[in-house]
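The values are calculated or read from the model by the stated rules, or taken from the named source; none is laboratory data. Being a predicted model, the structure only gives us computed values, none of them experimental. Cβ placement follows ideal geometry from the backbone for every residue including glycine, while neighbour counts extend to all protein chains displayed.
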């Protein structure tokens, strides 16, 4: 898919919205100069523990086939890796987002051997809404914060 100016703006606005929420909660946030490893945001607690976050956003206005795709995460990185799924609906409803630890995301998403990525359709995301409620908006930020404060 062609990377258009509007897609770049949408992606950056979503990343910066999340950064704002993390900063409000006392976390340090760092941005990689280049996103070559699927890490959009590096988050650090006061104790120095870090987490890597990949942010994915999709517009969902009557397009149930849309999906989020995240490359496979292996080894020690998996425990500190979180996926932020941001769903843009329309002007009348607020956007929704989930901050999901890698282990939970990889269990719900389907692995696509052709792309070597874990794909989660919006339809599947919404079908698993009850399971994912603990990761939605502030609850997801709390999960990330709790991970960072755990010794």
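The table for this structure:
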{"read-out": "Residue selected from the stretch 58-79 under the condition more than 13 Å from the chain's Cα centre (by Cα) and modelled with pLDDT of 80 or more, by the criterion farthest from residue 38 (Cα to Cα)", "value": "66"}
{"read-out": "Residue 90, sole failed condition from (1) loosely packed, with under 14 Cβ neighbours inside 10 Å; (2) modelled with pLDDT of 95 or more", "value": "(2)"}
{"read-out": "Of all residues in the stretch 98-107 being buried (at least 16 other Cβ atoms within 10 Å of the Cβ) and out of contact with any helix residue (DSSP H, G or I) (no Cβ under 6 Å at 6 or more places or on another chain), the one that is nearest to residue 22 (Cα to Cα)", "value": "101"}
{"read-out": "Where a residue in the stretch 122-139 is at positive phi and assigned to a helix (DSSP H, G or I) and its partner, wherever it lies, is at pLDDT 95 or above and surrounded by 14 or more Cβ atoms within 10 Å (Cβ to Cβ), with Cβ under 9 Å and at least six apart", "value": "137/98; 137/99"}
